[in-house]
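Chemist: Handing you a structure now.
The values are calculated or read from the model by the stated rules, or taken from the named source; none is laboratory data. Model, not experiment: these values are computed from the prediction. We place every Cβ from the backbone using ideal geometry, glycine too, and count neighbours over all the protein chains shown.
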Amino acid sequence: IVGAGFTGATLAERLASAGKRVLVVDKRNHIGGNAYDKMDPHGVLVHRYGPHIFHTNSKKVFDYLSRFTEWRPYYHRVRGVVEGKEVPLPFSLATLRALFSPRLADRLEEKLVSRFGYGARVPILRLREEGDPDLKFLADYVYRNVFEGYTLKQWGLRPEELSPSVTARVPVLVSHDTRYFQDTYQAMPKEGYTALFRRMLAHPNIKVLLQADWREVEGEVRFDRLIFTGPIDEFFGYLHGPLPYRSLSFRMEFRGRPWVQEVGTVNYPNEHPYTRTTEFKHLTGQDYLSHTVLCYEYPEAYEPGRNEPYYPVPREESEERYQRYLEEAKRLKGVYFAGRLGDYRYYNMDQAVARALKLFEELNDG
């Protein structure tokens, strides 16, 4: 298995428990992929590759991961700076109250509930298609002040240039719920993600080889099946040209006081070159510390060899190129692709685990 993130670790654990001997290879010097966390020199548990907040509606995924960790209940809250004010995100009925006069907020709330129903999640591009002048005003306001600038920074593209799967991730929420996610299960691994991964990979049938490029060991290891969770275009030597990815860089900043932010993450759709700041203590529950750490997140173009591919860029032309690689993959015997980079899909953590569990069932049946 190439890659020791959620997809690779889940498959390794399942296959090892089914009696297979598994070698997990990762080019980094640690397990856990982008979910890797560690104590910094000041004793704050930081997420090395930006905040990872676990949430899922899948009991199967939650129960599976619960074998390897205890959980700390945690509801992530996010604020966005809009016209100089910190307001709740995603944009909700609570955000209306924070930004507009009571009279206008009442009118907009009434129309949203009447049109979509309380609790609905309405993609902003969908809201922009509404004919009602008040709803049109709201859609344009949210698009201009929250959505457009953030998307341009995060992806280097306008919202209309991306697949609806991305734009749907930032809805207007017809609810007073100020939690960022509304999933059934929302929690953080009590001892962190790396401890969870250690337990997943502790099976006697699993060997882990770090700081190793899979191509270096390819000729040295005899194997029946190969599961590749890295970039599918890299596997095929960029035969059909590189698939576009987006990357990130992070700046960690120590602060000698207990708290800086009232919530875990603050988004900056329009100001500053960074998209968001995260205060990890909110996520980890380390409220006993008298100091804190902030993480500043800077989106950037992906350049192989210089930085990491974080997000597949979901666009029509990307999908066409990916399909060509998928055709190549179908011709290979005993090689399987999975994960955010292997499937070229913008998976959340729980989706990556669900995909791995499904692939294991297919492999086990075979």
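Chemist: Looking at Glu86 and the list (1) closer than 16 Å to Val266 by Cα; (2) touching a His at 6+ places or on another chain (Cβ under 9 Å), which single condition is not satisfied?
Modeler: That leaves (2) as the condition not met.
Chemist: Go through (1) touching a Leu at 6+ places or on another chain (Cβ under 8 Å); (2) more than 19 Å from Tyr336 (Cα to Cα) and name the single condition Pro244 misses.
Modeler: (1)
Chemist: Got a sec? Which strands (runs of 3 or more DSSP E) wholly within the stretch 268-366 have at least 1 residues that are crowded, with 17+ Cβ neighbours inside 10 Å and of a type in the set (Lys, Arg)?
Modeler: 276-279
Chemist: Shifting gears a bit: So which residues in the stretch 127-140 are assigned to a helix (DSSP H, G or I) and either touching a residue at least 60 places away in the same chain (Cβ under 8 Å) or surrounded by fewer than 16 Cβ atoms within 10 Å (Cβ to Cβ) (or both), if there are any at all?
Modeler: Of everything in the stretch 127-140, those that are assigned to a helix (DSSP H, G or I) and either touching a residue at least 60 places away in the same chain (Cβ under 8 Å) or surrounded by fewer than 16 Cβ atoms within 10 Å (Cβ to Cβ) (or both) turn out to be Pro133, Asp134, Lys136, Phe137, Asp140.
Chemist: For Val221, are the conditions met, namely being surrounded by 15 or more Cβ atoms within 10 Å (Cβ to Cβ) and not small (Gly, Ala, Ser)?
Modeler: For Val221, the condition - surrounded by 15 or more Cβ atoms within 10 Å (Cβ to Cβ) and not small (Gly, Ala, Ser) - is not met.
Chemist: Can you name every residue in the stretch 166-180 that is at pLDDT below 95 and farther than 19 Å from Glu86 by Cβ?
Modeler: Val166, Thr167, Ala168, Arg169, Pro171 - these are the residues of the stretch 166-180 that are at pLDDT below 95 and farther than 19 Å from Glu86 by Cβ.
Chemist: From (1) aliphatic (A, V, I, L, M); (2) under 30 Å from Ser249 (Cα atoms); (3) touching a Leu at 6+ places or on another chain (Cβ under 6 Å), pick out the condition that doesn't hold for Leu125.
Modeler: Going through the list (1) aliphatic (A, V, I, L, M); (2) under 30 Å from Ser249 (Cα atoms); (3) touching a Leu at 6+ places or on another chain (Cβ under 6 Å), Leu125 breaks only (3).
Chemist: Being of a type in the set (S, T, N, Q) and more than 17 Å from Ala18 (Cβ to Cβ) is the filter; apply it to the stretch 196-232 and report the residue that is nearest to the chain's Cα centre (by Cα).
Modeler: Thr229
Chemist: Now for a separate question. Would you confirm, using the coordinates I've provided, whether Tyr325 is in contact with a helix residue (DSSP H, G or I) (Cβ under 8 Å, 6 or more places away or on another chain), over 22 Å from Arg225 (Cα atoms), touching a residue at least 12 places away in the same chain (Cβ under 8 Å) and not aliphatic (A, V, I, L, M)?
Modeler: no
Chemist: Which numbered condition trips up Thr151, out of (1) in a helix (DSSP H, G or I); (2) touching a Gly at 6+ places or on another chain (Cβ under 9 Å)?
Modeler: Going through (1) in a helix (DSSP H, G or I); (2) touching a Gly at 6+ places or on another chain (Cβ under 9 Å) one by one, Thr151 breaks only (2).
Chemist: Is one or more of the residues making up the stretch 186-207 more than 20 Å from Arg97 (Cβ to Cβ), β-branched (Val, Ile, Thr) and in the same structural domain as Tyr344 (by TED's automatic domain parsing)?
Modeler: Yes: one or more hits.
Chemist: Please work out which one of (1) touching a residue at least 24 places away in the same chain (Cβ under 8 Å); (2) on the phi < 0 side of the Ramachandran plot is the condition Arg97 fails and give its number.
Modeler: All conditions pass for Arg97, except number (1).
Chemist: Is there a residue being under 28 Å from His282 (Cα atoms) and outside any helix (DSSP H, G or I) anywhere in the stretch 109-120?
Modeler: For the stretch 109-120, residues under 28 Å from His282 (Cα atoms) and outside any helix (DSSP H, G or I): present.
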